[in-house]
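Q: Dropping a structure here in structure tokens format, bear with me for questions.
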Amino acid sequence: MTTEDYSRFADSAERAGIQGYFQSTRTGTWGFLMALPLVILYEVGIIWVNSGRSETIRISTEGLLKSILMSIGLTHELIFLGIGLAVGIGIMVWERKKRVTFSLRYPGLIILESAVYAIGVAFVTAGATQLLLSRLMIVQSGASLGLPMELVLSLGAGIYEELLYRVIIVGGLFLILRQAFPNQRILMYMVAAVIGALSFSAMHHLGNMGDPWTLDVFVFRAIGGLVFNILFLVRGFAVIAWTHALYDVMVVTNFFTLLQGT
């Protein structure tokens, strides 16, 4: 990128201001742009951490999404990536009329904003769980897979879990319900958000890698799912994907335990 290009992007961002930042970064265009580094980091990382393993470990949600494509005959691994790129580019073309602001500052601001939300999600969710169950809990994890593996899976969760639960389940169900009940827009989103949150929590207890069933963990994740749904509605896919990824990174590195100890 030339100095002239950088100046043009910077000037555009300055003219847009903070309101322009919030409006632009909640678009599908920025959702796609911020998803790309997460996907690249996850794919490179998952190859590295699985080297030498007899059985490849990946995000279960990724496997579920790919199995849906395989069920309709799309079996090649690159098809999934190709569909994602095609959809992302299509969104960028479709949103050109929105005059989305581009700035080299925005990725850093999105990550910083997401880190703040990740901390907030943890303590809001723990506080709500404590009120419901009279028990303080930040997180409970299953058997450790080792820090490198858990860090890489955290990045994958930001992409694939948000794609499934927020975009497909909550967003898709909301669109269906809104068509059936056009005058109940807010109520229909609440219904979709609750169903999505319960699905999000329940999925973490399924399969060989799922956590053992306990009420507090289920309630904790369901409340967390609701908070994520609100963030997705207000701030879009770019922020919620990075919020989820950074939250999981903070969990596996015991960041919240350190905060509780201070």
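Q: For an R0 of 25 angstrom, estimate the FRET efficiency from the Cβ-Cβ distance between Phe22 and Leu175 and round to the nearest 0.05.
A: The value I calculate is 0.60.
Q: Residues of segment 168-187 with amide nitrogen under 20 Å from the 7 Å Cα-to-Cβ point of Ile68?
A: Flagged as within label range: 168-180.
Q: Each label point is 7 Å from the Cα along the Cα-to-Cβ direction; what then is the distance between the points at Glu43 and Phe80, in nm?
A: Inter-label distance under the simple model: 1.1 nm.
Q: Ser24: net charge of surrounding residues, Cβ under 9 Å, Lys/Arg +1, Asp/Glu -1, itself excluded?
A: That works out to +3.
Q: What nm distance separates the two modelled labels at Val116 and Arg185, each placed 7 Å from Cα along Cα→Cβ?
A: About 2.7 nm, to one decimal.
Q: Taking neighbour Cβ counts within 10 Å as the exposure measure, how do Glu161, Glu43, Glu113 sort from fewest upward?
A: Lowest to highest Cβ neighbour count: Glu43, Glu113, Glu161.
Q: Something else about it: Using 1/(1 + (r/R0)^6) with R0 = 51 angstrom and r between the beta carbons of Asn50 and Trp94, what's the FRET efficiency to the nearest 0.05?
A: Computed FRET efficiency for Asn50 and Trp94 comes out at 0.90.
Q: Same structure, new question: Rounded, prolate or oblate: which fits segment 3-261, taking a ≥ b ≥ c as square roots of the Cα gyration tensor eigenvalues, rounded meaning a/c under 1.5, else prolate when a/b beats b/c?
A: rounded
Q: Taking the Cβ of Met34 as the center, what net charge do the other residues with Cβ under 15 Å away carry, scoring Lys and Arg +1 and Asp and Glu -1?
A: Around Met34, the surrounding residues sum to +1.
Q: Can you tell me the length gained on complete extension of the stretch Leu109 to Thr214, counting 0.36 nm per residue apart and subtracting the Cα distance?
A: Stretched fully, the Leu109-Thr214 segment lengthens by 34.1 nm.
A short reminder: the numbers here are calculations on the coordinates, not readings from a lab. Bear in mind that the values here come from a model prediction, so they are computed numbers and not experimental data. For neighbour counting, all protein chains shown are included, and Cβ atoms are generated from backbone atoms with ideal geometry for every residue, glycine included.
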